[in-house]
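Novice: Would you mind keeping the following structure in view while I ask a few things?
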Amino acid sequence: MDTVPGMDGTLSGRPASFEGGLRPVAPGTWAWLQPDGGWGEANAGLVVGDGASAVIDTLWDERLAAAMLAAMGAPTAAAPIALAVNTHHDGDHWWGNARLPAGARIVTSQRSLDAMRHEGTPADLSRLRRLAGLTARIPGRPGAMGRYVRSMLAPFAFDDVTLRFPDDAFSGRATERVGGRALELVEVGPAHTPGDLVVHLPDVGVVFAADVLFVGVTPVMWEGPVENWIAALDTVLGFGAETIVPGHGPLSGPAEVRALRDYWVWLAAAVAEHHAAGRSPLQATLQIVRSADFAPYRAWLHPERAVINVTTIHRGLSGLGPLAQTPPVRIRLFDQVATVARTIERG
Ligand SMILES: [Zn+2]
């Protein structure tokens, strides 16, 4: 098998700020952590019961999934993987599904399953990466966008992904049992994406919050509304769990959930002011990232993602729905992301 870049570090080549790999978090419970929590550097989970196990999310390509499943080989030797949960439709949480045992049943929310059937394919991302590689040579803004997208997608083997869709879907809440253990699946979207779900393990007090929790890295709100994301974080806090595994970033607890909640409350108020003053999402973002109040969030990885969040909140205030997920819309958005990144770098 080919070596996986980043098994002992990040996928982007940046220095790792926390330790990755399979980490025990409670009896029979592991987190798979991928430093540094940036684009596509997604976490996953393992729940081992009596004679059967469950995996939570399967990463962005099959090579990464195979490396993770190999690391899970020892704890699942006497408890084969019988169930997998996909927390939402973003590829970095389910495009490794094909590497799961053929007999494992895969579950997600109905809204996530619908989005999976409509989202761009791995071939689309390969094409986008090639286009970004060409654009990267152009001077000025198109070149900056090309370089940003090229480096974002560079570490992943999209050409070798075969999509395997979930077998079952639910709405609201569902309890899955594996090897005598209960996994409470709670749909909390639309927030990060239309169908976000979180997984609570009541027997050990652990929550896999997936992408309603980013830690040390700026969250991305593709969908919104922001009020739902804040409510989702309150749902996570309401479980009373001490160990919370984010979708991106290091092992966490309630303090990190509250910190992200504070970010959304602050950002929503800031965007409302700029919206009332008639500023566009990009104008608002450029002022927000230069403001003194942004200081705590400038240290998070990818602070330039603020423009995506500002755009989603701004559209909500204008009575518009979430951004379309079409290639032209995404390219225009990443042009703005790259612009904000350069503004932040220049200080
Ligand atoms: Zn993710």
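Every number in this text was worked out from the coordinates using simple rules, so none of it is lab data. None of these values were measured; they are calculated from a predicted model. Note that we place each Cβ from the backbone using ideal geometry, even for glycine, and neighbour counts take in every protein chain shown.
Novice: Take residue 130 and residue 78, extend 7 Å from each Cα along the Cα→Cβ direction, and tell me the distance between the two endpoints in nm.
Specialist: 5.1
Novice: Right, here's the next one. If you put +1 on each Lys and Arg Cβ and -1 on each Asp and Glu Cβ, how big is the dipole of the chain around its Cα centre, in Debye rounded to 20?
Specialist: Around 1180 debye, computed over the chain.
Novice: Could I ask something else about it? How high is the relative contact order of the chain, given as a whole-number percent (alpha carbon pairs under 8 Å, six or more residues apart)?
Specialist: 15
Novice: Only bridges whose two residues both fall in the chain count here: according to DSSP, what percent of them are antiparallel, nearest 5?
Specialist: Given both bridge residues lie in the chain, the antiparallel proportion sits at roughly 65 percent.
Novice: Give, as a single signed number, the net charge of other residues whose beta carbon lies under 10 Å from the beta carbon of residue 64, with Lys and Arg counted +1 and Asp and Glu -1.
Specialist: -2
Novice: Ok, one more. What is the sum of charges, Lys and Arg at +1 and Asp and Glu at -1, for the other residues whose Cβ falls under 14 Å from the Cβ of residue 158?
Specialist: Its environment carries a net charge of -3.
Novice: Once Rh is set to the Kirkwood radius over Cα pairs, what Stokes-Einstein translational diffusion coefficient, in µm²/s, holds for the stretch 160-303 at a temperature of 25 °C and a viscosity of 0.890 mPa s?
Specialist: 148
Novice: Once fully extended, how much extra length lies between residue 292 and residue 121, figured as 0.36 nm per residue of separation less the alpha-carbon to alpha-carbon distance?
Specialist: The residue 292-residue 121 span can extend by a further 57.5 nm.
Novice: While we're looking at this one, here's another question. Considering only 151, 178, 26, whose Cα is most displaced toward the positive end of the charge dipole of the chain, charges sitting on Cβ of Lys, Arg (+1) and Asp, Glu (-1)?
Specialist: 151
Novice: Next up: For the stretch 94-226, what is the charge dipole size about the Cα centre, in debye to the nearest 20, if Lys and Arg each add +1 at the Cβ and Asp and Glu each add -1 at the Cβ?
Specialist: It comes to approximately 680 debye.
Novice: Would you work out which of 341, 126, 103 lies farthest towards the positive end of the dipole of the chain? Charges go on Cβ: Lys and Arg +1, Asp and Glu -1.
Specialist: 341
Novice: With runs of 4+ DSSP H residues as the only contributors, calculate the mean residue ellipticity of the chain at 222 nm using -39,500 (n - 2.57) per run, divided by the residue total and rounded to the nearest 500.
Specialist: After summing the helix terms and dividing by residue count, I get -11500 deg cm²/dmol.
Novice: Would you mind putting 9-17, 43-51 in packing order, based on average other-beta-carbon counts within 10 Å, highest first?
Specialist: 43-51, 9-17
Novice: When the distances between all Cα atoms of the chain are binned every 20 Å from zero, what whole-number percent does each bin get?
Specialist: 32, 60, 9, 0
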